[in-house]
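The values are calculated or read from the model by the stated rules, or taken from the named source; none is laboratory data. The structure displayed is predicted, hence computed values, not measured ones. With ideal geometry, Cβ positions are generated from the backbone for all residues, glycine too; neighbour counts draw on all protein chains shown. Only protein heavy atoms, including side chains, enter the accessible area calculation; ligands, DNA and RNA are left aside. Shrake-Rupley method; radii C 1.70, N 1.55, O 1.52, S 1.80 Å.
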Amino acid sequence: MKYHKISPDLFCKNRKKFTSQMENGCLAVFNSNDIYPISADGTMPFQQHRDIFYLSGVDQEESILVLFPQASNPAHREVLFLRETNEHIAIWEGEKLTKQTAFDTSGIKTVYWLQQFQSIFKQLMAEAQIRSVKEKLEIDLMQQACNITESGFRRLLSFIKPGVWEYEIEAELANEFLRNRSKGFAYTPIVASGKNACVLHYIENNQQCKDGDVILLDVGAEYANYSSDLTRCVPVNGRFTSRQKEVYNAVLHVKNEAQKLLVSGTIMAEYHKQVGVLMEEQLVNLGLISLNDIKNQSPDWPAYKKYFMHGTSHFLGLDTHDVGLWHEPIQAGMVFTCEPGIYIPEEGLGIRLEDDLVVQETGAPFNLMANIPIEAEAIEDLMNA
């Protein structure tokens, strides 16, 4: 820049003036102007957007300023996102701000590279959103989405048999969802047979289902833009083996006990720890881990994580992974999934079971999927009816 360095005190004062006028719970975002091409590799001279300059002193393209005075993490109350610089950029375009020079310019301590914006901003938006507590009408719409999902699942129980292809199962669901006023799947469907069920986000759905395998179905219909999120596991030939049923019932036990913990006032971090203890017991009973494994486990990666490596619950609503606060007690009207699983690659077996639950003012949550068969014997009976 042609001008001499400006004291960051100016921009610190400007931010204080701005944030003092913000309402509680609000978040403000300021973007740099773009660089405008005029021909071939020519561009117009860059002119920074005056608002982001006024509040930060940053005078380069591809920069974002986020101000969130009530952020739970003090480091996220003022955040700059900058294009990551390197030697090549410095040679071809000139020197860009580093994290240190950005602080020297703006007085903002928290500086991330631009590629981190989506993940960090999603966390901040969750704190500023009001969507996590659902109105009764919203819950009614989600119930309808779950009812459509139920219709699809019941249709599959008479369709699945050895030799069917995973994508044919997906097509049956799509047909049933669409004919019930849904736009289709609330998220990319997982139809994972056999060892494919041990791939947590398996979405190829291109394998033939074999006699003796179990199919993991993680599928859900949307309705009026609201999501449902179901997981069920069914035997391809209509009967679980004794080992498959043993693992299945272990997962079902963890789910039934875990969902009792989703009560008003629960802290989700503590909830997930308690679910881990429930899962430990089942994995020991199944012979997959030992008490010695638990005794010697790392607190950062407990022994049960070898066979159950994902979280148990997430917010559900307009998005399948909806916005919500993870560091505050949960409230009545929030909707969560409950989806423990056990994945045993060496046995070609993955079992996950999932329902959608509404937190109540008192007592256990209300299960939006209570009518969808989940007991192993009930699924076998329907498949062999």
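The distance from the alpha carbon centre of the stretch 26-61 to that of the stretch 212-258 is 50 Å, rounded to a whole number.
For a paramagnetic label modelled at 7 Å from the Cα of E246 toward its Cβ, which residues of the stretch 293-317 fall within the zone defined by backbone nitrogen distances under 18 Å? Within reach of a label on E246, which here means backbone N under 18 Å from a point 7 Å along Cα→Cβ, the stretch 293-317 contributes 307-308.
All distinct Cα pairs of the stretch 264-385 go into the 1/r average, and the inverse of that average, the Kirkwood radius, is 16.3 Å. Sparsely packed loop sites in the stretch 1-34 (the chymotrypsin sites (Phe, Trp or Tyr not before Pro) outside DSSP H, G, I, E and B with at most 14 other Cβ atoms within 10 Å) comprise Y3.
In whole percent, and with a 1.4 Å probe on the protein chains, what portion of the accessible area of the stretch 234-277 is carbon and sulfur?
Roughly 53 percent of what the probe reaches on the stretch 234-277 is carbon or sulfur.
Distance between the pseudo-spin-label points of H253 and Q123 (7 Å out from Cα toward the beta carbon): 3.7 nm. Projected over all directions and averaged, the alpha-carbon convex hull of the stretch 63-148 occupies 8.6 nm². What the Cβ-Cβ distance of L286 and A378 gives, at R0 = 30 Å and to the nearest 0.05, is a FRET efficiency of 0.85.
Set the bar at 31 Å for Cα to Cα. Now go through K122/K183; K17/K122; K16/K96; K109/K306; K245/K305 and name every pair that lies beyond it. Result: K109/K306 exceed 31 Å.
At an R0 of 51 angstrom, the distance between the Cβ atoms of Y3 and T188 translates into a FRET efficiency of 0.50. Based on Cα atoms of the stretch 14-131, Rg over Rh with Rh as the Kirkwood radius reads 1.00. At 0.692 mPa s and 37 °C, plugging the Kirkwood radius over alpha-carbon pairs of the stretch 21-61 into Stokes-Einstein gives what diffusion coefficient in µm²/s? Calculated translational D: 271 µm²/s.
Two numbers describe the Cα atoms of the chain: Rg and Dmax, which are 25.6, 82 Å.
Most tightly packed first, judged by the mean number of other beta-carbon atoms within 10 Å of their residues, the peptides 255-261, 314-320, 130-136 read 314-320, 255-261, 130-136. By the helix-only formula, in which each DSSP H run with n ≥ 4 contributes -39500 (n - 2.57) and the sum is divided by residues, the chain has a 222 nm mean residue ellipticity of -10500 deg cm²/dmol. Please identify which residues in the stretch 297-322 have an amide N closer than 17 Å to a label point set 7 Å out from the Cα of I130, following the Cα→Cβ vector. It comes to 318, nothing else. Remark: C-alpha extents of the stretch 1-74 on the principal axes read 47, 27, 20 Å, sorted largest to smallest.
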